[in-house]
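The values are calculated or read from the model by the stated rules, or taken from the named source; none is laboratory data. Being a predicted model, the structure only gives us computed values, none of them experimental. All Cβ positions, even for glycine, are placed from backbone atoms using ideal geometry, and neighbour counts span all protein chains on display. When the accessible area is computed, the model is the full protein with side chains, heavy atoms only, and any ligands, DNA or RNA have been set aside. Shrake-Rupley method; radii C 1.70, N 1.55, O 1.52, S 1.80 Å.
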Amino acid sequence: MGIKRTLPIQAVERIKELGHRVRLARTRRGLSIAEVADKAGINRNTLNALELGKHGVALGAYVTVLWALGLDKTLDGVAHPDADTHGKTLEASRRPARVRKSQKSKNEYDF
């Protein structure tokens with residue numbers, strides 16, 4: 001019997017919150033599950049699972065549903081490298097203190 005892997009509780013909560021937001025956006029637009037699923041090219045059951053925050057729904061389904069709702073541009077800030085202050089700090093700590101000038105070859109015909 002294999003090891004059952006579970007998601008961190010924080011990830012589960014974020015997925016459920018995203019699903020809730022998608023449902024709210026759909027209902028505010030007065031669209032049915034069938035209409036949005038058809039426009040996104042996915043099954044109604046998949047959209048329902050997405051809105052319920054089930055963690056087995058593919059990322060592509062989220063993106064196409066956001067596109068169908070006109071919210072795909074809201075993904076621009078997700079994991080944006082400029083917003084990754086921790087990653088930028090780590091990168092800066094690994095930079096050398098000084099940079100050496102490259103040495104030129106003594107042979108002018110050396111490639």
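Scanning region 15-53 for residues that are surrounded by fewer than 19 Cβ atoms within 10 Å (Cβ to Cβ), closer than 15 Å to residue 71 by Cα and among the charged types (D, E, K, R) gives 21, 23, 28, 29, 39.
Of the helices (runs of 4 or more DSSP H) lying entirely inside region 10-77, those containing at least 2 residues that are of a type in the set (Asp, Glu) are 33-40. Checking residue 60 against (1) open to solvent by 60 Å² or more (accessible area, probe 1.4 Å); (2) closer than 25 Å to residue 5 by Cβ; (3) modelled with pLDDT of 95 or more; (4) not polar (S, T, N, Q), which single condition isn't satisfied? If we test residue 60 against (1) open to solvent by 60 Å² or more (accessible area, probe 1.4 Å); (2) closer than 25 Å to residue 5 by Cβ; (3) modelled with pLDDT of 95 or more; (4) not polar (S, T, N, Q), just (1) comes out false. Restricting the first member to region 8-28 and to residues that are touching a residue at least 40 places away in the same chain (Cβ under 8 Å), and the second to residues that are of a type in the set (Gly, Ala, Ser), the beta-carbon pairs closer than 9 Å and six or more apart or on different chains are 12/53; 15/53; 18/53; 25/70; 26/32; 26/68. Of all residues in region 35-75, those satisfying the criterion of being hydroxyl-bearing (Ser, Thr, Tyr) and closer than 15 Å to residue 20 by Cα are 46, 62. Every test in (1) farther than 20 Å from residue 10 by Cα; (2) of a type in the set (D, E, K, R); (3) part of a helix (DSSP H, G or I) is passed by residue 98 save one, and that test is (3).
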